[in-house]
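Notes to accompany the following structure.
The values are calculated or read from the model by the stated rules, or taken from the named source; none is laboratory data. Keep in mind that this is a model prediction, so the values were computed, not measured. Neighbour counts are summed over all protein chains in view; Cβ atoms, including those assigned to glycine, are modelled from backbone coordinates with ideal geometry. Ligands, DNA and RNA are stripped out before the accessible areas are found, and what is left, the full protein with its side chains, is counted by its heavy atoms. Shrake-Rupley method; radii C 1.70, N 1.55, O 1.52, S 1.80 Å.
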Amino acid sequence: MSEEKKLASNEYLKIGSNYLRGTLAEGLADTSTGGLTEDEQQLLKFHGCYLQDDRDIRAGRRKHKLEKAFSFLIRVRVPGGVATPEQWIKMDDLATNFANGTIKLTTRQAFQLHGVIKTQLKRTIKEINSAAMDTIAACGDVNRNVMCNPNPYLSEAHADVLKISQNISEHLTPATGAYHEIWLDGEKVESTQEEVEPIYGKTYLPRKFKIAVAVPPSNDVDIHANDLSFVAIVEEGKVVGYNVAVGGGMGMTHGDENTYPRLADIIGFCTPEQVVEVAEKVVLVQRDFGDRTNRKHARLKYTIDDRSADWFLEKLNEYLGYDLEPVREFKFDDNGDRFGWVEDHEGNFHLNLFIEGGRVRDEARTGLRKIAEIHQGDFRLTGNQNLIIAKVAPKERPAIEALLEEYGLLKSHEQSALRLNSIACVALPTCGLALAEAERGLPGVITELEQVLEESGLRHDAITIRMTGCPNGCGRPFLSEIAFVGRAPGKYNLYLGGGHAGDRLNKLYREAVTREEAITLLTPIIQAYAKTREEGETFGNFVIRAGYIAATVNGLDFHKNLKLEA
Ligand code: SRM
Ligand code: SF4
């Protein structure tokens, strides 16, 4: 038998933190630095914040022997992506008063504020809570913001899945009083009182945990990037239950073959009444069997690969005390958004706007605030970093359209289909892990590719394209038809051949190319696609059929990468 491995250092930190308190309160009160200690930074994540610094000015400050330009990222949970106009206005106020003047809509339907300085952090979080939102468990080794298909045209079925995702979110929110104590001046739990964290226990989960609820034919939440997903099975307009998918994930490290993106396994079916219990038990199996010795091997995908999906299902059934039913049939068409106005069964209207890179700024921000001031419905953040102005009553629509027109938003979705199907993660200048640009880099790459698309008559053909500043995969690049994954400043690994519905991983096509080289490589492939594609053939399928990407797994390629048929 091999020697018992040492736990990862974060495990000791969690055990010793007294349910996520540690020395956070003291660290935040220390005004001699804009930063926090390493341990405090790790604990702060469970409270929804990251310490960052402005990387654009890092070198200059180092030269002048100045402390890094520290500031904080705050991630605000929005379960299912639904926010009220009041909450939008609050985020807008906070962006102006305490952050960098922008609101970031994330790939998991949450809000982010960047650039909040230490002395304003507590006040900002208090204000977020005053608008009935919170930041607890937006990050950290716990369940994160629960995603849900946000498209309201799905009528009753949609209302059901939204409720389910909100219930899962509530059930899996950590119970610790630390959040209230540190940020909201809540009463201190006396040290003699034993606090309990009923689901997670003292050491929480081995690693982050992500859940999504999808409604076919849309896979806009990208189930294959989530540890756990529920796929609604809708019959005659009613949700009869959910397929259960486990073990999806994106993150990998360049050059480390033990890390890889992985598609989820669809292992069974449960009724709507069982969903929250199934979610809890999946979390418990991962809590008990996940690898706590190596954080690069601690996600559920590795727990399953180490033991098999059959083992996992057996264990889950054992924890549940009953068996999941067999998987039901379903089909995804795509993982993008459906832009423009739609009318629902109640006669209300919904407008899916395109927000490039999810960054709400300048004129668009002013316009959306003005809309929030008069809007009676709600706002829905999509998993593709876009925004739906939802539940617009017919009599409300002209006033909203006038504002959209005034602030240049009405035609936001009249872009090339490539741009509309793009995602870029934040990357530079705030992300400490970025190796290359993404949010600031992808728009220009698309502009250049648009020329080729235009000449080839493909302006309106949806091809998914995603760019991330590193292989952690925050923009879910490995599930797109074209992906740029940051390798070094100005250099990307180019991937091709993902499934158009996010149901097949793409493959590495060329390593460490510049943006210009990538465009030169892509140009003839796009031209060939225009000329020789078969009826209805997606770009991802074409590059494999045409032989640009090998259709066989050679042992080094990604796990389970062969599912050619969508
Ligand atoms: Fe992410 C870490 C941004 C969705 C996988 N992610 C980070 C950090 C916090 C960097 C850090 O640890 O210092 C990034 C902050 C950048 C910044 O300045 O804002 C960051 N991730 C984001 C967001 C904001 C990207 C965006 O442009 O929208 C997304 C916030 C989602 C949210 O609201 O919760 C975001 N991150 C994702 C996704 C996509 C998803 O979940 O659907 C993934 C891939 C799915 C997955 O988890 O497998 C993802 N982020 C990671 C990883 C790699 C995890 C892994 O298992 O290897 C890291 C690094 C880590 O955890 O060590 C990371
Ligand atoms: Fe940062 Fe990498 Fe995530 Fe992009 S993919 S936000 S660069 S961690």
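Things worth noting here:
- Taking the centroid of alpha carbons for each part, the range 400-429 and the range 499-546 are 24 Å apart.
- With semi-axes defined as the square roots of five times the eigenvalues of the C-alpha gyration tensor, the equivalent ellipsoid of the range 423-546 measures 24, 15, 12 Å, largest first.
- Label-point separation in nm, LYS5 to GLU197, each point 7 Å along Cα→Cβ: 2.1
- Rolling a 1.4 Å probe across all protein chains gives MET133 an accessible area of roughly 10 Å².
- Annotation: extensible slack from GLU314 through GLU534 equals 75.0 nm (criterion: 0.36 nm per residue apart, minus Cα-Cα distance).
- Whole-number D in µm² s⁻¹ for the chain, Kirkwood Cα-pair radius fed into Stokes-Einstein, 25 °C, 0.890 mPa s: 101
- The calculated FRET efficiency for ASN167 paired with HIS460, based on their beta-carbon distance and R0 = 35 Å, is about 0.35.
- Highest-first arrangement of 39-50, 56-67, 208-219, where packing means the average Cβ count within 10 Å: 208-219, 39-50, 56-67
- Secondary structure note: in the chain, about 80% of the DSSP beta bridges are antiparallel.
- Within the range 436-522, DSSP assigns beta bridges of which about 70% are antiparallel (rounded to the nearest 5).
- Relative contact order for the range 206-252, counting Cα pairs under 8 Å that sit 6 or more residues apart, in percent: 32
- As a length-normalised measure over Cα pairs under 8 Å and 6 or more apart, the relative contact order of the chain settles at 12 percent.
- With 10 Å bins from 0: P(r) over the range 94-253, alpha-carbon pairs, percent: 9, 31, 32, 21, 5, 0
- When only Cα pairs below 8 angstrom with a gap of at least 6 residues are kept, the range 1-141 shows a relative contact order of 27 percent.
- Each peptide in 378-389, 350-361, 444-455 gets a packing score, the mean of other Cβ atoms within 10 Å over its residues, and the list from highest to lowest is 378-389, 350-361, 444-455.
- Taking each residue as 0.36 nm, the span from GLU448 to THR37 lengthens on full extension beyond its C-alpha to C-alpha distance by 143.6 nm.
- Average projected area [Cα convex hull, the range 340-409], square nanometres: 4.4
- Largest-first ordering by accessible area, 1.4 Å probe, given options ILE125, ILE15: ILE15, ILE125
- In the range 201-298 the Cα-Cα distances spread across 5 Å bins starting at 0 as 3, 12, 21, 23, 17, 12, 7, 4, 2, 0 percent of all pairs.
- Residue-count net charge about GLY536 - beta-carbon cut-off 12 Å; Lys, Arg +1, Asp, Glu -1: -4
- Local electrostatic count at THR464 - Lys and Arg +1, Asp and Glu -1, tallied over other residues with Cβ under 10 Å: 0
- Along each principal axis, Cα extent of the range 376-478, largest first, Å: 48, 37, 23
- Neighbours of ALA393 by Cβ distance under 14 Å: Lys/Arg scored +1, Asp/Glu scored -1, total -3.
- The average projected area of the range 82-161, computed from the convex hull of its Cα atoms over all directions, is 6.1 nm².
- Helical mean residue ellipticity (222 nm; -39500 (n - 2.57) per DSSP H run of 4+; nearest 500) of the chain: -9500 deg cm²/dmol
- All Cα pairs of the range 465-535, percent lying beyond 16 Å: 47
- Cα-based convex hull volume of the range 276-419 per residue, rounded to whole Å³: 195
- Per the Cα gyration tensor, the range 5-131 maps to an equivalent ellipsoid with semi-axes of 25, 21, 14 Å, ordered largest to smallest.
- Tail weight of P(r) past 14 Å, computed on alpha-carbon pairs of the range 284-361, percent: 76
- In terms of packing, defined here as the mean over residues of other Cβ atoms within 10 angstrom, the peptides 319-332, 95-108, 230-243 line up highest first as 95-108, 230-243, 319-332.
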